[in-house]
1. What's the buried accessible area, both sides, between B and A using a 1.4 Å probe, rounded to 100 Å²?
2. Calculated FRET efficiency, A:Ala183 and B:Ala169, Cβ-Cβ r, R0 22 Å, to nearest 0.05?
3. Give the calculated FRET efficiency between A:Ser97 and A:Tyr127 to the nearest 0.05, with a Förster radius of 25 Å applied to their Cβ-Cβ distance.
4. Please give, to one decimal in nm, the separation of the simple spin-label points placed at A:Gln166 and A:Phe135, each 7 Å out from Cα toward the Cβ.
5. Run the accessible area of the range A:57-274 with a 1.4 Å probe and give the carbon-and-sulfur part as a rounded percent.
6. Decide, for chain B, between rounded, prolate and oblate: order the square roots of the alpha carbon gyration tensor eigenvalues as a ≥ b ≥ c, take rounded if a/c falls under 1.5, and otherwise choose prolate if a/b is larger than b/c, else oblate.
7. Top mean-square fluctuation among A:Tyr156, A:Tyr42, A:Tyr127, Gaussian network model of chain A, C-alpha springs under 10 Å?
8. I need the chymotrypsin sites (Phe, Trp or Tyr not before Pro) found in the range B:84-165, filtered to DSSP loop residues with at most 15 other beta carbons within 10 Å of theirs.
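The values are calculated or read from the model by the stated rules, or taken from the named source; none is laboratory data. The structure presented is a predicted model; accordingly, all values stated were derived computationally and were not measured. Cβ: placed from backbone, ideal geometry, glycine included. Neighbour counts: every protein chain shown. To get the accessible areas, we keep the full protein, side chains included, count just its heavy atoms, and leave off ligands, DNA and RNA. Shrake-Rupley method; radii C 1.70, N 1.55, O 1.52, S 1.80 Å.
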Amino acid sequence: MADQPKTAEPARARLSPRKKRQISRGVQYVILVVALVALILYADWGKLAESFAEPDVARTTLPELFTIALRNTVIYTIGGFALSFLLGLLLALMRLSEVRPYRWIAIVYIEIFRGLPALLIFLLINYLPLALPGFQVPFGTYGQGILGLGMVGAAYQAEVFRAGLQAVPKGQTEAARSLGMSAMRAQFTVVIPQAIRMVIPPTMNQFVALLKDSSLVLFLGVSSQYVELAKFGNDLASTHSNATPIMITGLTYLIVTIPLGYLVTRLEGRKGRTI
Amino acid sequence: MTHAIELADLHKYFGKNEVLRGIDMTVDPGQVVCVIGPSGSGKSTLLRCVNLLEVPTRGKVFVEGVEVTDPDVDIDAVRRRIGMVFQQFNLFPHMTALQNVMIAQQRVLKRSKKEAEVVARDNLNKVGVGEKCDSYPAQLSGGQQQRVAIARALAMNPDLMLFDEPTSALDPELVGDVLAVMRKLAEEGMTMLVVTHEMGFAREVADRVVFMDGGVIVEDGAPAQVIGAPSQERTRTFLRRVLHPEG
């Protein structure tokens, strides 16, 4: 019994786990306080306020901020959304079609428009009149902006609809068909209405995305009556050499996007319920 | 006499799996035929071949003398005469019970809204859920949903009805209401082809019982014979398991 195996002493941590957590949290607070102090001491607050929050410059945004810029942003967004909704539904139905060329067309469209930067599409729209002499997008700049937003949004909306259509149980179609409905009628009276209800939350996210993307109208070469929020802010900022108008338009976006975001979260919570 | 349903040498493959291996059977007008058999025996597939929810790989299906497996036949027109009730009810969840029963009348039979509503209320009353007209499917019990589904099929004035395990998804205490409705239909002379596990119902209501196993019909005859005195060992084994599950 010379070398009895030593019973390993339970490794006694020098610091208890609780102590470790306390120290870790303390360190995090110290870093935060140091960062805040540095910010307060070294930032030139007067200069910052002057460039980004100058009341006199802010006042120059009114009333056009609302009467023109926000109004136009809403027009571009709602128009683009309507187009992307219809075109997206069409693409989703093509994507799920039994006719193979339809599937291909839909896949190619969706991949291209999701793969390209939206900005590029807007730049290309500027060249439409060159490519198609005599062709004019209806409704002028409104039409161009809505076309750009609609074409880009449709690619994303198509995938949203596809997920919704595929989530409707097969038994629904079977029930409709066994009542004598044609495939088309079953699709439109039974499947699509259910799919649309299911995709309301992701569709609203698409709406918010389009609202933000409407700022790309900036690249369409817009005359003053057609400006939306971003261009409006940017133009005024250049005039005054001051960023305050951009800050103001940023706030305006947030006033719309944040409540919509909360609404989506609430609707998603209700998803389990019918109707 | 023309058979209500006639299946001739019906074969159905799912991939390489042969689910129906040559089915020949008929259902005559006014008859109630119950199809029983273990799961995977092909009985639901057989039922679904009648209105072409499944397309047979080989063989022919006739409904009231019309070959529905003929590619030139208007299958929508044939389906209008065949009511179908599913295990999972398959009510349209975005419509009320009343709308569920009205929609196909309006869209398929082109009945006016007024007429469709009268017919719908009649049928909902008949199956005992008349007071649930304005409820959505999610607000109804399984038994109520299945009865609405039966009313939905009846509102189309079908010549025959297919039932695909109509009580299998129901809580035990709700089975009776649905079976009572089916029994009433049978008494009124409706032609019915019923896939079911309810041996009591098959014994009392059916004119004929068909026992299927492995994609073929093993026995076909009066309930007293197939359930009461089966001649095949496979039928006896199945019935022993169903009627005395604890052996």
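1. Values: alone 11320 and 18040 Å², together 27480 Å².
Roughly 1900 Å².
2. Numbers: r = 26 Å, r/R0 = 1.19.
Using R0 = 22 Å, I get an efficiency of 0.25.
3. Values: r = 32 Å, r/R0 = 1.27.
The pair A:Ser97/A:Tyr127 has a calculated efficiency of 0.20.
4. 3.2 nm
5. Details: 7490 of 11130 Å².
Within the range A:57-274, the accessible surface is 67 percent carbon and sulfur.
6. Values: a/c = 1.90, a/b = 1.32, b/c = 1.44.
Oblate shape, in that a/c is at least 1.5 and b/c is the bigger or equal ratio.
7. Looking only at A:Tyr156, A:Tyr42, A:Tyr127, the biggest GNM fluctuation is shown by A:Tyr42.
8. Numbers: sites: B:Phe86, B:Phe89, B:Phe163; in loops: B:Phe86, B:Phe89.
Taking the range B:84-165 and a limit of 15 other Cβ atoms within 10 Å, no loop chymotrypsin sites (Phe, Trp or Tyr not before Pro) are found.
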